[in-house]
Amino acid sequence: MTGLLVVVSGPSGAGKSTVLKTVMEKRKDMYFSVSATTRQPRPGEVHGQEYFFMSFDLFHQMREEGKLLEWAEYAGHCYGTPFEPVMNRLSNGEIVVLDIETKGAMQVMERYPSAVTIFLTPPSETEAERRLRGRGTESEEFICSRMEVTRSTFRYIDRYQYIVINEIIEESANMIDAILTAERARTGRNPGLFAEFRK
Ligand code: ADP
Ligand code: 5GP
């Protein structure tokens, strides 16, 4: 079976990490891409687990060496997807999920038109803000600047194939699980199946 590249975007506080973790618990064929970033770790975040935290210089060295599949600046920091692990997992037939912001997502859509693209949104702007505050990891100033970015994120919503409104974590996870199962079953993604009868 061929691998599946999946892009998930949505504003901060939408619940992307929470929902994707729940999907990962259901599926064993999924790999969550760990991004490189120049931002500081939040309390509890572990290098190599949530992100590879690195200096600006190291990030741009990786970029110049072509080691990033895509990258973008977001809220004053750089974020990028390391190329090699994604390609290795895809060639292994796995589902590779990228939780990335919209500019990076546009680069992936252009480069890999077969990618599955999902926009995960909170039910309302107020709820996104409430969730960001509830997460308790950000300063008030940071929350205000993220809410600005949130508004601009919605401009890209029509570029995505699927929209998931995250009201209840379990339901959103089930929906993404269903999307992945259906995408895997598409005839176009299984060109080798029954090849002898297709002639
Ligand atoms: P993102 O990765 O999109 O920035 P997170 O997954 O960190 O968002 O979620 C932000 C906060 O909202 C977390 O505290 C999380 O527990 C909470 N959260 C996520 N999804 C829901 C939901 N459906 N209902 C209520 N709270 C949620
Ligand atoms: P956070 O700092 O809240 O973890 O992430 C901020 C934003 O950066 C989120 O929208 C997240 O999806 C995005 N992001 C995380 N990793 C990457 C990446 O590798 N590339 C891009 N383009 N965006 C990323």
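Could you give the accessible area per residue of the stretch 63-139, probe 1.4 Å, as a whole number in Å²?
Result: 48 Å² of accessible area for each residue.
Under a 5 Å amide H to amide H cut-off, with H placed in plane at 1.01 Å, what residues pair with residue 164 once short-range neighbours are removed?
119, 120, 121
Compute the distance from the alpha-carbon center of the stretch 165-199 to that of the stretch 1-73, in whole Å.
With the stretch 165-199 and the stretch 1-73 each reduced to a Cα centre, they are spaced 22 Å.
What fraction, in whole percent, of alpha-carbon pairs in the chain exceed 23 Å separation?
45
Rounded to the nearest percent, how much of the accessible area of the stretch 4-188 (1.4 Å probe, protein heavy atoms only) is carbon and sulfur?
Carbon and sulfur: 52 percent of the exposed surface of the stretch 4-188.
Within straight cross-link reach of residue 16, meaning Cα distance under 29 Å, which lysines are found once same-chain residues fewer than 8 apart are removed?
Straight-distance partners of residue 16: 26, 28, 67, 103.
At what distance in nm do the modelled label points of residue 77 and residue 141 sit from each other, each positioned 7 Å from its Cα along Cα→Cβ?
Label at residue 77, label at residue 141, 1.5 nm between them.
Farthest toward the dipole's positive end in the chain, which of 179, 121, 194, given Cβ charges of +1 (Lys, Arg) and -1 (Asp, Glu) about the Cα centre?
Final value for the positive-end residue is 194.
Measure nothing but the geometry: give the 0 to 90° angle between the long axis through the Cα atoms of 140-153 and the longest principal axis through the Cα atoms of the chain, rounded to 10°.
Here the helix axis deviates by roughly 40 degrees.
Quote the charge dipole size of the stretch 1-44 about the Cα centre in Debye, to the nearest 20; the model charges only the Cβ of Lys and Arg (+1) and of Asp and Glu (-1).
The dipole magnitude comes to about 120 debye.
Rounded to the nearest 0.05, what FRET efficiency is calculated for residue 186 and residue 157 with R0 set to 22 Å and r the Cβ-Cβ distance?
0.45
Could you state the principal axis extents of the C-alpha atoms in the stretch 1-116, from the largest down, to the nearest angstrom?
Taking max minus min along each principal axis of the Cα atoms, the stretch 1-116 gives 39, 31, 23 Å.
Residue 64 to residue 110: extension gain in nm, 0.36 nm per residue of separation minus the Cα-Cα distance?
Residue separation times 0.36 nm, minus the Cα-Cα distance, leaves 14.6 nm.
Nearest 10 degrees, 0 to 90: what angle lies between the long axis of helix 102-111 and the longest principal axis of the chain (Cα atoms)?
Roughly 20 degrees between the two axes.
Roughly what angle does helix 125-135 make with the longest principal axis of the chain, taking Cα atoms, 0 to 90 degrees, to the nearest 10?
Result, in degrees: 80.
Kindly write out, for the stretch 14-21 in residue order, the coupling ³J(HN,Hα) from the Karplus curve 6.51 cos²θ - 1.76 cosθ + 1.60 (θ = phi - 60°), rounded to whole Hz, with x marking Gly and Pro.
Listing the rounded values in order: 5, x, 4, 4, 5, 5, 5, 4 Hz.
The values are calculated or read from the model by the stated rules, or taken from the named source; none is laboratory data. The shown structure was predicted, so the numbers you read here are calculated from the model rather than taken from an experiment. Glycine also receives a Cβ, built like all others from the backbone with ideal geometry; neighbour counts cover every protein chain displayed. Please note that ligands, DNA and RNA were not included when accessible areas were found on the heavy atoms of the full protein model with its side chains. Shrake-Rupley method; radii C 1.70, N 1.55, O 1.52, S 1.80 Å.
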